[in-house]
Amino acid sequence: MSPVGGIGINIAIQDAVATANILTEALLSNTLSPHNLAQVQHYRESAVRNTQRVQVVAHRILNRVLHNPGPIQPPLALRILTSLPGFQNLPASFVGVGLQPQHIKDF
């Protein structure tokens, strides 16, 4: 993860919650195996990779902004999306909740 948006800590917390949810029963029954660890990786991998893809786009935009001495106008697609009701909160939701929100299971 890059520092853009402070998303790395969110991913780490989501990984920890998903790991706890997936591994708790195996740990309690003393049956933990590499298969259980592979389950965690498989479950979280696409959300993490897609988050990294969004960060690459964010880096490109920030790079363009920081290296342009003049005024900048957001891309048309971004202007359209942010003008639609319900879409204004997507960036904050992406940073704060992520692509695959996690909740601790009650065991």
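The values are calculated or read from the model by the stated rules, or taken from the named source; none is laboratory data. In this text the structure is predicted, and so the values were computed from the model without any measurement. Cβ atoms come from the backbone with ideal geometry, glycine included; neighbour counts cover every protein chain shown. SASA here: full protein model, heavy atoms, side chains in, ligands and nucleic acids out. Shrake-Rupley method; radii C 1.70, N 1.55, O 1.52, S 1.80 Å.
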### Task
Please tell me if Gln73 is touching a Lys or Arg at 6+ places or on another chain (Cβ under 9 Å) and loosely packed, with under 10 Cβ neighbours inside 10 Å.
yes
### Number of the exception - Pro85 against (1) open to solvent by 90 Å² or more (accessible area, probe 1.4 Å); (2) at pLDDT 90 or above; (3) within 23 Å of the chain's Cα centre (by Cα)
(2)
### Task
Take Ile13 and decide whether it is closer than 17 Å to Ser93 by Cα and more than 10 Å from the chain's Cα centre (by Cα).
yes
#### Entry: Count of residues meeting criterion [assigned to a helix (DSSP H, G or I) and without any contact (Cβ under 8 Å) to a residue 24 or more places away in the chain] in the range 64-100
15
### Query
Only one of these conditions is not met by Pro75: (1) within 17 Å of the chain's Cα centre (by Cα); (2) within 23 Å of Ser2 (Cβ to Cβ). Which number is it?
(1)
### Task
Looking for whichever is in contact (Cβ under 8 Å) with a residue 60 or more places away in the chain, of a type in the set (A, V, I, L, M), in a helix (DSSP H, G or I) and open to solvent by less than 70 Å² (accessible area, probe 1.4 Å) here; the options are Ile7, Ile61, Ile22, Ile13. Which one fits?
Ile7
### Task
Report yes if some residue within the range 35-50 is among the aliphatic types (A, V, I, L, M), more than 20 Å from the chain's Cα centre (by Cα), open to solvent by less than 80 Å² (accessible area, probe 1.4 Å) and on the phi < 0 side of the Ramachandran plot; otherwise report no.
no
